[in-house]
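Notes follow the structure.
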Amino acid sequence: MRFVSVKAVAFGALSGQELQLAPRLNVVYGPNESGKSTWHDALYAGLCGMRRGAGRTRKEDEEFRSRRQPWGSEEFAATVRIELADRRSMEVRQDLAGRVDCKVTDVVLGRDHTDEVVFDGSPDGSRFVGLDRGAFRSTACVRQAELLEVLNERDRLQEHLQRAADTAGRDSTAAGALERIEEYKREHVGTDRLNSTKPLRAAMNRLADTERALDEATAKHQDLLRLRVRADEQEAVANRARAAWNVVRFALARDKAVRERASLDRARDLAAQVPEGGPIPVSQEDSLAVRVATAVQAWENRPDPAELGGPTAEELQKRLEALPAEPAGDLEPHPAVVAARREYDGARDELERLQVPLAPAGGRRAGRSPLSAVALAVALGLIGMAAMTPSWRPATITGGVGALVLAIWLFLRSSRPGPGTTAGNGRDQDVLSRVKASRLRLSEALVSRGMPGGVDVGGAFEEYREQCAKRHGQAERSQRREDLLSQLPVRRRAEQKRADDVDRRQAAEKELRDVARACGITSTDDGDLVVERLRGWQAARRGRVEQASKQRSAVDELKGLLEGRTLEAFEEEVENLETEAKRLSDELSSDGPAIPDGADLHAEENVRHEEWVTAQRDAGKLRTQVAERSRDAVSVPDAEEDVERAKAELSRVRGLERVLDSAARHLREAEDRVHRDIAPRLASALRARLPDVTGGRYIDAIVDPATLDVTVQEAGGDRRPATGLSHGTTEMVYLFLRVALVEHLTKAGEVCPLLLDDVTVQCDRERTARILDVLRELAKERQIILFSQEDEVLAWARENLDPEQGDRLHELTPVPVGSR
Amino acid sequence: MKLLLFSDLHLDTTFAGLEPHVGRAWRIRLREVLQNIVNLAREESVDAVLCGGDLYEHDRFSADTLRFVERVLNDLAPIRVFVAPGNHDWLGPQSLYEQASFGGHVHVFQEARLRPVALDEGVTLWGAAHRAPAGTDSFLADFRVEGAGLHFALFHGSERGLLPEQGDRKEPHAPFRAEDIERSGLHHAFLGHYHRPRDGERLTYPGNPEPLRFGDDAHGDAVLIEMAADGSVRRGRRHVARAEAHDIEVDVSGATHSTEIRQRVDGALDGVAGVVRVTLVGDLEPGIDFRLEDLKPPEAIDAFSMISRCGVAYDLDAIEKEQTVRGQFVKDVRADASLSDDDRRRVLIGGLRALDGRDDLEVT
């Protein structure tokens, strides 16, 4: 391909101007502000246009537009005419403002070839040579700045080569792309090391976490399902326990209802027995009843006063007062005295039998004959007998008997022989002694009985005996006092009792009549009739008391039955009990447990109730657990979706890793292959031209296919890296490499023109000439359009360019200021 | 006699690959559909509601769903409800059906064989339950109705002849053949399992009443059924879906900026309600600064999901001709048979972006 012409339709300061271009070397000379760069850009823009893709406008495009769009005009266009290797002639019109009115037309055939070369939304004429506008700008357009860059930083040569080789000169190299991929992978994938914080490990962790969460959610779900089943089963157990309890409850309720119904009926009966107002009040008659009973009893037990005979107490008192006092001394001869007398008499009798005169002390005795004794005894006996008459008192009888006994004794004694008559003298003396001694003892005994002592003991004795008899009589009279004294209180008590009986009898009669009046009984004179009527009253009252007692019992029983309730309330309760019993009966299922026979229902009820409570409590616990676990339950679908998202994220990251790895691998392989392909070409291009432009100093070049490092070989065999050559040689090497790259990048069968902008500005005259010579040689193979402001170039062009050989010099004149 | 048939609601199902709020919103809508069915049953004064199974998913149902189903079905009283558990809501001790407290008007078939229930005088409904999540044999094998009158069946099973049209993923649970229905003496079978609705001569698949995935345009309905004296049925489909689940592709090719993409998406969603998945397709110009999170759904959209399958407008044919590493790269990648098409696309775009000096190397 070569440029035939370029028309700046509306481009920078140019408007409608056209530049005809020769097929080989074109030198476009012009001083500053002559539009030289404008024509350079117009050529580029006229051929390649500007991208019309979506998205942001690229910075370089923006800058280009800003630099080249005419001021104050909406039109921004350039047209080039090109001739392709296949001899086709194309006109490329670029509407650089709207990028709509762009067209590529076969000049000869008039055919539209726009679609053939559209790139990034607009026609790109560089596509005819297998490039695109980016590649064309990067390879076919050589700017002064690039050359300066290579000269100033020699290692940039390699980068330029790589960029051209890798991306046709775009911004990046394959190495940069690989580094970018690796960096992206480090940040957006990372490794699967446990301590990594990058997405791959995070996604793996997230998946593990979500899978754990899903396992937990599923386990909780299953656990909850099982727990619900257990809760349901326990609920069934509780229901069965309740049914069993209900059976007993029903039995109890039924029994209780029956009992209470009976109690209610009884209460109703009792209530009917008690008159309104309560039981008959009989308590107020209690005191009267007591009086009646007492009066009747008193009447019936009233005393019957006895009639008293004999002397009255007053009479007895008078008799008592008339009795003598009780005598002092012996009433009967004291036995001791009697014994002493008998001893004395005995001693005397014995003495008499002995005929011993007696001392005077015993004279009376000695002179007495048995006859006198008999006479005395008879006398005494008679007295005694007389005393024994029926009118005598016992004392009189006693006296009589005594006198009789004495008379008998005296007779017998007088008939016995005396002591002196039958015994000798010795014996007489003893008898006398005994007579004396006995007389003494008799005397002493009489003295001891209050009698005066003396010689006449016989007389004393008789006197003593008479006194005793006298006192005996007095004593017998005084003995009547005791009898009277004993009779007197008895008589008095009897008299008092009788008086009391009379009083009580009178009181009983009076009370009887008073009570009868109190009882409403008309009094009569007949006490027994009153009593009979009072007994009738008592009987009537007992009837009333009995009735009242029955009523009180009924009331008490009723109270016990009602227990503080009213009859209506009791009835309501009974109805409720019956209702409850029926309800419980209704709840009983036909296949439920039977009422236990003979069981203690209350005990059974307690047991079954406890069983139900326990079962219900257990069921309640399980229900609570179900509720709690339901609250804690995690949504299984949510957890599953979390896992799916985590899987998707891990898959994404793994996919990214796979894609990045694949991209890197393919890039490396492409890089290797392309570099291997291009390296020999670059080396060959250098090898063919380097000796000429270096005057034979460098004869060969080597390009490392891995790095595109360029090494040149001196004629002496030494190798030097291209980065270590002189500026001039470096410029040459660079230009040749660019040409080689253009050749390499251009599609087969085509040649790509070169646009060089002030590439010799840093060269001295000699180097400039040498470069221009090389360019003229290169222009034999491809069109070269060199823009320059250097006079040396102008001079060289005027001298060396041959229009007939396809060269041309374009001399520009400065564009008037303000024309843009 | 008028019946309302539905099946395959799949309460508490899972929606993989969606954002959490989308899945939850969808599950909520499934519940609303059941409510719609109940409302329809009341409005139409049907005699009974028949559920052909897969009302919920056993492995996932929540306590909340248990109470919801319990209440909704109980609220239908006195309308009778017959449920034939399917392979997803298979009947076991831990089933929702076992744990819910249904009124006497709700009848859940218990046995893995058809058992009769009197629908009306001379009308018998035979129903069966899946008792396991898999391995349930045909309910119609060796089955023969007993007694006179009209006989209908309700169960969850796969009519073999219709299986291919249900898609690759459909498992043939309790498989049978259409001719088994007539051979068994049944006048008609009300069925669940197939999500694509089907009204056969002697069978009715209502289909899933609510879409269960994006683009499920062929989902089913609730079916009003009127029985004729000769055992034939007249069917009327009633739309009960809460909303559609749209799967919309938006071509972003040629868009010049992100706002234009949003405008295209907004245009595609205009008038659309329900659950929507938008897939961006086409070649996205490399320079467009667009991110999925920039797209916001209209208010009418219940749930919204976005994915991008956009390419980038690289002229790969042209690049491949370049004598550069870039060209070689494209050529090599395009020729790499080990790559899937999607991976190839991603490798190409990612590699080219890297060569372009870009940092957005991940291709969605």
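The values are calculated or read from the model by the stated rules, or taken from the named source; none is laboratory data. Computed from a prediction, not measured in an experiment: that's the story for all the values here. In this analysis, Cβ positions are derived from the backbone assuming ideal geometry, glycine residues included, and neighbour counts consider all displayed protein chains.
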Being in contact (Cβ under 8 Å) with a residue 24 or more places away in the chain and at positive phi, is that true of even one residue in the range B:115-122? yes
Based on what the data block shows, is A:Arg242 within 10 Å of another protein chain (Cβ to nearest Cβ), buried (at least 18 other Cβ atoms within 10 Å of the Cβ) and either touching a helix residue (DSSP H, G or I) at 6+ places or on another chain (Cβ under 8 Å) or closer than 30 Å to A:Arg127 by Cβ (or both)? no
When the range A:177-220 is examined, which residues are found to be without any contact (Cβ under 8 Å) to a residue 24 or more places away in the chain, assigned to a loop (DSSP other than H, G, I, E, B) and not charged (D, E, K, R)? A:Gly190, A:Thr191, A:Leu194, A:Asn195, A:Ser196, A:Thr197
Is it fair to say B:Ala141 is closer than 16 Å to B:His88 by Cα and in contact with a helix residue (DSSP H, G or I) (Cβ under 9 Å, 6 or more places away or on another chain)? no
Residue that is surrounded by fewer than 15 Cβ atoms within 10 Å (Cβ to Cβ) and within 30 Å of B:Glu293 (Cα to Cα), where the choices are B:Gly274, B:Gly267: B:Gly267
Select from the range A:595-618 the residues that are in contact (Cβ under 8 Å) with a residue 12 or more places away in the chain and of a type in the set (Lys, Arg) and list them in ascending order. A:Arg608
Does at least one position in the range B:186-202 carry a residue that is under 30 Å from A:Arg51 (Cα atoms), part of a loop (DSSP other than H, G, I, E, B) and in contact with an Asp or Glu (Cβ under 7 Å, 6 or more places away or on another chain)? no
Strands (runs of 3 or more DSSP E) within the range B:1-91 that include 2 or more residues touching a helix residue (DSSP H, G or I) at 6+ places or on another chain (Cβ under 6 Å) and under 24 Å from B:Arg235 (Cβ atoms): B:2-6
Is it the case that some residue within the range B:294-311 is facing another protein chain (nearest Cβ under 7 Å), of a type outside the set (Phe, Trp, Tyr), crowded, with 18+ Cβ neighbours inside 10 Å and at negative phi? no
Can A:Arg629 be described as in contact (Cβ under 8 Å) with a residue 24 or more places away in the chain and surrounded by fewer than 21 Cβ atoms within 10 Å (Cβ to Cβ)? yes
Within the range B:237-256, count every residue that is within 14 Å of chain A (Cβ to nearest Cβ) and assigned to a loop (DSSP other than H, G, I, E, B). 5
Consider A:Lys220 carefully, then state whether it is in contact with a His (Cβ under 8 Å, 6 or more places away or on another chain), surrounded by 15 or more Cβ atoms within 10 Å (Cβ to Cβ) and farther than 30 Å from A:Gln162 by Cα. no
Quick one: B:Arg234 ticks every box in (1) of a type outside the set (Asp, Glu); (2) in a loop (DSSP other than H, G, I, E, B); (3) closer than 30 Å to B:Ala189 by Cβ except a single one, so which number is it? (2)
Would you confirm, using the coordinates I've provided, whether A:Leu794 is touching a residue at least 12 places away in the same chain (Cβ under 8 Å), surrounded by fewer than 18 Cβ atoms within 10 Å (Cβ to Cβ) and assigned to a helix (DSSP H, G or I)? yes
Only one of A:Phe76, A:Phe64 is at pLDDT 90 or above, over 30 Å from A:Leu708 (Cα atoms) and aromatic (Phe, Trp, Tyr). Can you tell me which? A:Phe76
With respect to A:Val733, determine if the residue is more than 14 Å from chain B (Cβ to nearest Cβ), over 27 Å from B:Arg326 (Cα atoms) and buried (at least 23 other Cβ atoms within 10 Å of the Cβ). no
Answer with yes or no whether B:Asp289 is buried (at least 18 other Cβ atoms within 10 Å of the Cβ), touching a Ser or Thr at 6+ places or on another chain (Cβ under 8 Å), touching a residue at least 24 places away in the same chain (Cβ under 8 Å) and within 11 Å of another protein chain (Cβ to nearest Cβ). no
If I ask for residues that are modelled with pLDDT of 85 or more and in contact with a strand residue (DSSP E or B) (Cβ under 8 Å, 6 or more places away or on another chain), which ones from the range A:722-757 would you list? A:Val751, A:Pro753, A:Leu754, A:Leu755, A:Leu756, A:Asp757
Being loosely packed, with under 14 Cβ neighbours inside 10 Å and within 13 Å of another protein chain (Cβ to nearest Cβ) is the filter; apply it to the range A:183-210 and report the residue that is nearest to the chain's Cα centre (by Cα). A:Glu187
I need a count of the residues in the range A:444-478 that are in contact with a helix residue (DSSP H, G or I) (Cβ under 9 Å, 6 or more places away or on another chain), without any contact (Cβ under 8 Å) to a residue 40 or more places away in the chain and in a helix (DSSP H, G or I). 3
Filter result for the condition that a residue is out of contact with any Phe, Trp or Tyr (no Cβ under 6 Å at 6 or more places or on another chain), of a type in the set (D, E, K, R) and surrounded by fewer than 18 Cβ atoms within 10 Å (Cβ to Cβ), over A:Arg770, A:Arg738, A:Arg808, A:Arg719: A:Arg719
Check A:Arg170, A:Arg156 and return the single one that is at pLDDT below 80, out of contact with any strand residue (DSSP E or B) (no Cβ under 8 Å at 6 or more places or on another chain), farther than 30 Å from A:Ser662 by Cβ and of a type in the set (Lys, Arg). A:Arg156
Going residue by residue through the range B:312-319, is there one that turns out to be closer than 26 Å to A:Lys59 by Cα, modelled with pLDDT of 80 or more and in contact with a Gly (Cβ under 7 Å, 6 or more places away or on another chain)? yes
Which condition number does B:Val281 fail, the rest of (1) closer than 30 Å to B:Asn208 by Cβ; (2) modelled with pLDDT of 85 or more being met? (2)
Would you be able to say whether some residue in the range B:18-26 is surrounded by 24 or more Cβ atoms within 10 Å (Cβ to Cβ) and within 14 Å of chain A (Cβ to nearest Cβ)? yes
Selection over the range B:70-109 where residues are within 14 Å of chain A (Cβ to nearest Cβ) and either crowded, with 18+ Cβ neighbours inside 10 Å or closer than 19 Å to A:Leu227 by Cβ (or both) yields a count of 15
Show the residue pairs that are 6+ apart or on different chains and have beta-carbon atoms under 7 Å apart, the first residue being within the range A:727-753 and in a loop (DSSP other than H, G, I, E, B), the second being polar (S, T, N, Q). A:Cys752/A:Thr746; A:Pro753/A:Gln783
Would you tally the residues in the range B:322-347 being in contact (Cβ under 8 Å) with a residue 12 or more places away in the chain and more than 8 Å from chain A (Cβ to nearest Cβ)? 3
